[in-house]
Each structure stands twice: as C-alpha cells, then as structure tokens.
Amino acid sequence: MAKKENKFKDYDITTQAIHTGNDYDAETGAVRRPLHMANSYKLPDDLSQVNYSSTDLLMYARNGNANQHWLEQKVAALYGAEDAIVLASGVAALHALFWTLLQSGDRVVYPKVSYMAVYRMFHELFNRKFGVETVMVDMTDLEAVKKAITPRTKLVHIETPDNPTVGVTDIAAVAEIAHKNGAILSVDNTFASPLNQRPLALGADFVVDALTKFINGHGDAQGGAILSNDLETMDRIRYEAQVNVGSVISPFNAWQIFRGSVTFPLRMQRINESSLKIAQWLEQRKNVTFVSYPGLPSNPGYQTAKKQMTNGFGGVISFGVNTDDKSVESFCAALKVVTFAVSLGHDESLIFPQPSYDERIHLYPETFRNGFIRFSVGLEDPDDIIRDIDQALHSIGL
Ligand SMILES: *Cc1c(COP(=O)(O)O)cnc(C)c1O
C-alpha cells in the first residue's frame, strides 16, 4: 500500500495518538473520521490498470478499507514503524506473519512460554500440516537459543513480557543471535505496549500487537497489528494473508480501536503506575507465594526490563496464592472491583486463574505450578484494587 506521510512524526506519542490518522471529513468538515461500513468502493473508469489482488486501491473491504487504513497510520505512528497491517485479531496477525514467512522444511524457534495460540500453531499445526520444523526454547537462556538455531532456521519468535508468566526476554540479545545466523526475529509486544517497549529499535524485524488489549483498551473490539520497516515483506503479507486468505479487520472494529487508541498513552501511564504499586503490595502480603512483575527488583528479568522497557513495566502481574485450585476460584469470585474474566488491557481490572491441571503448567517455573493467577490491572483507583484483593484473600481464610 502507498504509505501516507505522518505529519505528526516529530511530536510526542500522546500527540500522535490523538492526531495521526485523523483528519477533517472531506465532505462535511466533521472533525472526526467517519465510519465507512461499505463492502465496495467506486471503481475507476479505466479497469485495465486495476490489480484485484492489491491493497493499494480502495475497492473491496477485504482488500483494505478506509477505517483499516486510518488505524494502520495510527498504529505505525505509535510504534515509530514504517508500516502497519491491521487484521481481525491478535492471533490473525500472528498467523498472517507465520503463514507468509514459513515454508515446508523451514525451522522456527519459539518460546517455552507464549500466548496459547502460538503454542498451538507451533506445537501442533504448522509442523503437522506443513512440515515446518518447530523447536521450543527457554528464551531467557541465551546459550539454549544459540544452540537451537541452525542454518535452516527461518524465524525466531519471542514474546516479552510473556503470557501468562510475565517473564522477560532480552530482545536485543536474541536479535543479535538470530541475525548472526540469518534468521528473522518477530516479537509479540502486546504485554509491554508501544509506550513502554519498541522492539524494532532493538533489532526486531517484525512486531505483533494484539490491539484487542491495551491499544483499544475498552474491552469492546478485537484486532491485531503487524509492524515492520520491511515494506516488501509487508506487502507480501497483505497479498498472501489478507487479500487471499481473508483475515482483514471489519471497518467497525477498526473505527472502535481508532477511538480507543486516542487515550492509549495516558491510560498506559496510569496502568504502569498502578501496576507497580499493586505488585509491591502483593509482594509483602502474607499468603502470596510469588509475584512476577518486571518492575520488581526481585524479578529475574528486572535488569533486562529496565534496559528495554523505557517508560514502565506494563499492566499484567502474575502471582500465586497459597491454596488449591478450588479456593483460587472462590477468591476470584469474591472480588468486587476486579472482574473474573479472561483477556487483559481493558479499562476494568481482570483476573484469570491458571489451574494446576492446565496442559502447559509443566512449562512454567516450579513456583508457578500451584495457586497461579494472571492479573491485568485496570484504570480503577489502585488502593481500591488493593483493598479488593485483600478482602477476597480474607474471604478464603488467607
Ligand atoms: C491476547 C493476546 C494475543 C491474541 O490477541 P487476540 O486479539 O485475542 O487474538 C496475542 N498475544 C498476546 C500476548 C496476547 O495477550
């Protein structure tokens, strides 16, 4: 797609979140971009120049739609990236990237701890269906990463902080190892968000962000983005995964996320501050067995996080409570301010237990195998959240 110049490039991220991609409506002068719920756009009179597999021309919503394009300008600006592709969900973005880059016979190195669908794609699907060799590695162990990369390795994929243990991987170090061996590095940056971490500047080739989470921030629309400065491969992703496989975002969801993203930097600043405060409180609360948050000096990833997360440590905290699966559920159900539901990055705080019978529990550090809870900090008053967690722990006798 032809890139549109970002007029706000030299301004702060808060200013870009408001202005980039927005403009006066050409027809009415309205100060907001309209929502165009249209499947088709008027064709040029001369059809001989039309490429039906291209995303350049607004023609058909799956090939690209106006609200998607405006959101792409915004998300590229938030990441300081040359280009962004916005698709139907975070998983659609991950899949589009892997589907485009990988061929039968390639090798991919992926993390021991990652988003569930990444685990499924590499543990089960890409290997079985397409003969891609997939190798799971502990990404905090750089020697193990070096050993896992062979000349056939096409892609190294990492996620930092990771879902659900909130572990930290050194992006620059893994980028160096990958590139020395001719491999591409992709980073799932959803937990950190572009306010806190810019993987392209640290050497990553591709970034994926589940816009569903912090960038939309209101828990009411799903979308995902791929960011890169490699314009040629980005166009190949549009051709192979969007136009001809169909993972495009709907105009309505793009419009909704565009609106949510206006306040993203401000929300994220608040979430960074609240999360650190809550993590510090949890760490000294009796009957809390562990707290995993990159901003705590006790965290094994603290030094790396300080180096690569420049504005804060994000909004997800994992912690353990000293009890069994059943009582963990009772604890979650007893919360009044925090909502007992999956997902993260919403305006409201969300809590989700990771029971000891979870299929992947053996992949997590030893301490995480009992009473493990993933907690996404919302925009409520942090003292109210602390009070709520405290009363719910008391309610189960802890
Ligand atoms: C939620 C999430 C995704 C997937 O996003 P969806 O919009 O739910 O498909 C990918 N990666 C991480 C780290 C996530 O937390």
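The values are calculated or read from the model by the stated rules, or taken from the named source; none is laboratory data. Keep in mind it's a predicted model, so treat the numbers as computed, not measured. Counting neighbours? That spans all protein chains shown, and the Cβs are built from the backbone with ideal geometry, glycine included. For the accessible areas, the whole protein counts, side chains as well, though only heavy atoms, and no ligand, DNA or RNA atoms are used. Shrake-Rupley method; radii C 1.70, N 1.55, O 1.52, S 1.80 Å.
Kindly flag which residue pairs out of LYS112/LYS307; LYS213/LYS326; LYS4/LYS42; LYS42/LYS213; LYS112/LYS147 have an alpha-carbon separation exceeding 25 Å in this structure.
LYS213/LYS326; LYS42/LYS213
Counting pairs of alpha carbon atoms under 8 Å apart in space and at least six apart in sequence, what relative contact order in percent does the chain give?
17
In vacuo Debye scattering of region 1-115, one point per C-alpha: log10 I(q)/I(0) at q = 0.11, 0.16 Å⁻¹?
Debye curve over Cα of region 1-115, log10 I(q)/I(0) at q = 0.11, 0.16 Å⁻¹: -0.51, -0.96.
Spin-label point model (7 Å from Cα, Cβ direction): what's the LEU43 to ASP12 distance in nm?
4.9
For GLU159, what residues show an amide H to amide H distance below 5 Å, using hydrogens built from the backbone and excluding near sequence neighbours?
Distant-sequence amide H within range of GLU159: ASP188.
Do you know the relative contact order of region 248-398, to the nearest whole percent, from alpha carbon pairs under 8 angstrom that are 6+ apart?
With pairs under 8 Å counted, the relative contact order is 25 percent.
Can you tell which of PRO194, PHE8, MET139 lies farthest toward the positive end of the dipole of the chain, using +1 and -1 charges on the Cβ of basic and acidic side chains (Lys, Arg; Asp, Glu)?
Toward the positive end, the furthest listed residue is MET139.
For region 155-269, just the Cα atoms, rotate onto the principal axes and tell me the three extents in Å, largest first.
Its Cα atoms span 42, 37, 23 Å along the three principal axes.
Might you tell me the accessible area per residue for region 1-118, computed with a 1.4 Å probe and given in Å²?
Roughly 50 Å² per residue, with all protein chains present.
Round to a whole number: what % of the accessible area of region 181-232 belongs to carbon and sulfur, probe 1.4 Å?
On the way: 570 of 1310 Å².
Within region 181-232, the accessible surface is 44 percent carbon and sulfur.
Aspartates and glutamates near LYS306 by alpha-carbon distance under 17 Å, same-chain residues fewer than 8 away left out - which ones?
Hits, sequence-local ones excluded: GLU159, ASP162, ASP170, GLU273.
If you take the C-alpha gyration tensor of the chain, multiply each eigenvalue by 5 and take the square root, what semi-axes do you get, largest first, in whole Å?
Three semi-axes, in Å: 36, 26, 18.
Starting from the Cα gyration tensor of region 311-398, take the square roots of the eigenvalues, sort them a ≥ b ≥ c, and report rounded, prolate or oblate (rounded when a/c is under 1.5, otherwise prolate if a/b is larger than b/c, else oblate). Mind dumping the intermediate values first?
On the way: a/c = 1.91, a/b = 1.23, b/c = 1.56.
Oblate, because a/c is 1.5 or more while a/b does not exceed b/c.
Compare the peptides 223-233, 209-219, 330-340 by average per-residue count of other Cβ atoms within 10 angstrom and give them in order, highest first.
209-219, 223-233, 330-340
Taking R0 as 45 Å, what FRET efficiency do you get between SER104 and GLU5 from their Cβ-Cβ distance, rounded to the nearest 0.05? Write down the numbers at each step before the final one.
Working: r = 40 Å, r/R0 = 0.88.
In this case the efficiency is close to 0.70.
In terms of solvent-accessible area of protein heavy atoms at a 1.4 angstrom probe, what is the ranking of SER395, SER261, highest value first? It would help to have the intermediate numbers written out before the result.
Numbers: SER395 70, SER261 0 Å².
Sorted descending by solvent-accessible area, the residues read SER395, SER261.
Counting only the heavy atoms of the protein chains, how much of ASP325 is accessible to a 1.4 Å probe, in Å² to the nearest 10?
The accessible area comes out at roughly 40 Å².
Can you tell me the alpha carbon radius of gyration of region 16-56 divided by the globular rule-of-thumb value 2.2 N^0.38 Å?
Values: Rg = 14.5 Å, N = 41, 2.2 N^0.38 = 9.0 Å.
Expressed relative to 2.2 N^0.38 Å, the Cα Rg reads 1.60.
Applying 1/(1 + (r/R0)^6) with R0 = 35 Å to the Cβ-Cβ distance of GLU232 and ALA341, what FRET efficiency is obtained, to the nearest 0.05?
In this case the efficiency is close to 0.30.
What's the Cα-based Rg to Rh of region 237-354, Rh via Kirkwood? Intermediate values should be presented prior to the final figure.
On the way: Rg = 18.1 Å, Rh = 17.0 Å.
For region 237-354, the value is 1.06.
When only Cα pairs under 8 Å and 6 or more residues apart are kept, what is the percent relative contact order across region 101-141?
Result for region 101-141 is 57 percent.
Please list, ordered by chain and number, the residues whose modelled amide H lies under 5 Å from the amide H of THR339; skip anything fewer than 5 residues away on the same chain.
Sorted by chain and number, the residues that satisfy this are SER349, LEU350, ILE351.
State the extension gain, in nm to one decimal, for the chain segment bounded by HIS218 and HIS362, taking 0.36 nm per residue of separation less the distance between their alpha-carbons.
Full extension of this stretch gives 48.6 nm more.
On average, how much accessible surface per residue is there in region 304-397, in Å², for a 1.4 Å probe, leaving out ligands, DNA and RNA?
With all protein chains present, region 304-397 gives 41 Å² per residue.
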